[in-house]
Structure formats: C-alpha cells, structure tokens
Amino acid sequence: MDEPRRVAIVGAGPAGLFTAAALLTGTDDDLCVDIFDRLPTPFGLLRYGVAPDHAGIKAVATTLARVFDAPRVRFLGLVDLGGNVTVPELRGGYDAVVYAIGAEDDRHLGIPGEDLPGSRSARQFVAWYSGHPDATPQPLADVRRAVVVGVGNVAVDVARILLKDPAELSATDMPDAVLAELRTARIEDVWLVGRRGPEHASFTTPELRELLHTAGDGVSVTGCDLGAIDTDALDRRARANVAAIADAADIRSLTASRRLHLVFWHRPVEILGDRHVEAVRLEPADGPGAGAADGPPDAVIPETRPPASGELTVPADLVLRSIGYRGVPLPGVPFDDGRIPNLEGRVLELDGSARPGEYAVGWIKRGPVGLIGSNRKDAAETAGHVLEDLATLPRRPLSDFVATLAGRGVRPSTLEDWRRIDAAEIARGSIRGRERTKVEAWHDLLALVSRA
Ligand code: NAP
C-alpha cells in the first residue's frame, strides 16, 4: 500500500487552519497534514491581531481548533522556516507545502520624524495589547493626545482601545501588564487621519459604529463637508459609513472627557518633536501622492476634490501609523510586491513559470486585506489546487520529517504543549474572574512546553 501523501502548512493562523480543514474534507484519501508555526500557540492573527474586546470573532478559534481532532493532523510549534528550518529541507519532507505566513511587517510613511520616540506602528501596538511574545512594551504614561494615521479597521481598533475606559477592558484576555499600562494613560484626544474622504475610508460600518459609540458625544469631523457628499453614488458600506459619521458629528459635545477627531483629506508630512513626538503636521491631500512613500499602488485617486482646507498642526504624545501591513520574504521563495507570486494559490516563479508543489494562502497570497472569514474561501481555492495536483506530484518523503528534525536537535512543540498553555491562561484568568489572561512572555510560554 502507498504511504499517505504528506502536506506541510506553514503558519497556524486562520488561513492555514482553514486550508487544513479544506484539505481534509476535500478528499477520502489518506492525507497527513503537518501545521507548523514559529510560536508554540496556534491561531495567528486571531490570537494576536483581533482586538481583545472582540470576543465574538475570537470564538472562531473553537471552530478552527476542530481540525486538530483529525488523527492525521499535527501541530508543530517553535519551527521557524528560514530560521531553524530551511525551505529546501521542508520541501524535501513533503509532497506539497502551503505558505500561510501572513504579513508580519507594516508600511512606513517615509516622512521626517517618523522614528522619533512616541511614533510607532499600529502593528506593534496591536501585538503588545494582544500579548504577543515578541511585542515591545508600549509606554503610555502621560499620553493624553494620540494621532492615528490611516482609516482602516486596524486604525479603528487602536483608536477604540485608546479611547475605552480601561475598566471596560479588564474582562478581556489582555495581559495584566498591558491593562496596568493602559490605566496610566490620560487619553483626552484621539485623532484619526485619512488622506481621502469618509466615503473612501476602508473601515467597515459595524467597526466604525462601535468606535463612534465608544467616543459617545465627543466626536468631531474636520476636512470635509459631509453634506456635500453624493451618497446616492456610493456603495452600501460607504453610504452607511458617511451616515454614521454624520449622526455622530451632530451630537458633538464640547465637554466630553475623551474626544475622537476624524480628519479627512489630510496626510501627515512631518512628525515634530525634539527628543519625543510633540505634534504632527498635516497638509491637505487629494489622495495618495507625494508623501505616500510606501502606499498601496492601487489606491484610487478619486475624481472629487476635497473642499479647501488648510494645514493643521495637531499636538500629540503618541503617533500610530496604521497604513497597512506588508508581507516578509521567505529565503528561497519568490516574493514580489509584499506577496508570494501565485495563480489562485499555486506559487509562481518571478518569471511567471510554475513552481510545482508549493502553494500560498491568506495575506501572503492576496495581500493584507480581508476579515478572518475571508480566509475560508481563499483556503478552499488553494486546498482545491493542492488536492488536484497531488495526483501528479512526485512522492517526496522517505521518512517522517519530524524525526529528521529531531535528528539534528530541532524539537517542535506539540498540541499538548499548546493545551498546557491554554489551560494556564484559563487558570490565570479565573483568579481574576476573567475567561482567560494571556501568557505573554517567551520564558513563561517555553516553561509550559515539554521538551521531554
Ligand atoms: P487597510 O484597510 O488597507 O487601511 C489602510 C489605511 O491606510 C487606508 O485608510 C489607507 O488609505 C491608509 N494609507 C495607506 N498608505 C498611506 C499613506 N502613505 N499615508 C496615509 N494613509 C495611508 O488596512 P488595515 O487597517 O491595516 O486592515 C487590514 C485588513 O484587516 C483589512 O481588510 C481590515 O478590514 C482587516 N481588519 C478587520 C478588523 C475587524 O475588526 N473586522 C480589524 C482589523 C483589521 P487609502 O485608502 O487612501 O489608501
């Protein structure tokens, strides 16, 4: 009898786990699926990107985790492709390899002052409040005014976390140190800055409404004339966004203790400060252009022009750029424009020729856009091609790859290790009356990993 076909999935985030599930349901053949991750914890962005106060979305983890119940699926943590394992080595161990590595970097503004202390990426901020073991501490003591650049859902998340009363966040899984730091902030003003109009913002309406609700009667809008927007010409989401902003702006109160300022048709041109961020200089913008050093090439310059509006200098103790994520190349794998080049998930060489047996899924396949659920369809497409190709792909593995790794001292963490971490987090949380409190330090995570 033939050995079962072996597929490696690199990345145990939603895209990787949806792919594993699609592979298993798409075939009656014996198939062994090994899911690798750099961390000893599965769920990727669901665990370290979805905001801690969005427990409903996080519950998707329960569905995704079911894939580990299949006897031929293994979770192999602490395996860093391009680090302790090379791509050719992995390729030699599997009939097919699926890259589900996400987009771990972020775009830069390319403006003076961007590297001043107090100017950071929203990605770093999200990793910190989500308890990612690689996150750097985010000092917030005395932060009163924050500017968030970008008007996508990540910008909305970080603005909401800043504006929320920390007491409201205490029921989440945020690490204790994060909650303590958030309590030291004295947030009064959060500015959200878009280089186009409210009708072009990429945030989705439920997320926008939640932010506006958090800010209550302290919402102001600058840089655009909401009444002049031709809402009939807009799609449903843009129309609903404009309506939600107009409703919130109508009940503006000058006495609100925490205020949200929505600024449109402006882009930052300089972050000012001596030894720390002190202010951001914003110039009127008509969409992407000069200053969009690292912006997406496909951003559309709309035909409508902004109403005349001047330069603004906004005082700030913290600047978070939230202008999109960016993929990181894997040594030995083609990479172009922040993604692995592919045709419907089948990896291509840079010259467009086929690269049999290698696949991509999720943000590294399609770019850093889409909600968690978008990965299901994306994964179905990639998994379909893997299954189709397995019929003709050469049989590669001669032995179990994990045994090969052990032979040279690399011992992956297992599902049981993750279950121990999970149980420790639940126990930590229950002491404080919470569902879970994240274990965020590498040494604490590794202490829960059995290397016996
Ligand atoms: P995004 O939706 O692409 O938003 C990026 C924002 O940055 C846009 O407003 C963009 O403006 C702006 N931008 C880009 N380059 C800029 C520059 N050089 N100067 C000024 N502004 C610039 O990305 P994201 O917020 O990182 O989110 C990534 C994906 O995750 C999205 O699909 C999002 O919906 C999803 N997500 C969902 C949730 C949720 O709760 N449902 C939470 C977080 C993330 P232009 O439009 O003008 O380019």
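The values are calculated or read from the model by the stated rules, or taken from the named source; none is laboratory data. All of these numbers come straight from a predicted model, not from anything done at the bench. Each accessible area value is taken on the protein alone, full model and side chains, heavy atoms only, with ligands, DNA and RNA left out. Shrake-Rupley method; radii C 1.70, N 1.55, O 1.52, S 1.80 Å.
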Ser119 long-range amide H proximity, modeled H, under 5 Å: Val277, Val319
Surface accessible to a 1.4 Å probe, per residue, for the residues of region 107-324, Å²: 43 Å²
Rounded percent of accessible protein surface that carbon and sulfur make up, region 123-243, 1.4 Å probe: 48 percent
The chain: proportion of alpha-carbon pairs further apart than 42 angstrom, %: 20 percent
From phi via Karplus (6.51, -1.76, 1.60), per-residue ³J(HN,Hα) for region 118-127 in Hz, x at Gly/Pro: x, 10, 9, 8, 4, 4, 5, 5, 5, 4
Average projection area in nm² (convex hull over Cα atoms of region 107-324, one quarter of hull surface): 11.8 nm²
The chain - percent relative contact order, Cα under 8 Å, separation 6 or more: 23 percent
Qualifying aspartates and glutamates (Cα of each under 15 Å from Cα of Lys377; at least 8 residues distant if same chain): Glu344
Proximal lysines to Lys438, defined as alpha-carbon separation beneath 23 angstrom and excluding residues fewer than eight positions away on the same chain: Lys58, Lys164
Surface accessible to a 1.4 Å probe, Val190 within the full protein complex, Å²: 0 Å²
Amide H partners (placed H, <5 Å) of Arg5, local residues excluded: Cys32
Built amide H within the under 5 Å cut-off of His261, gap 5+: Val190, Trp191, Leu192, Ser220
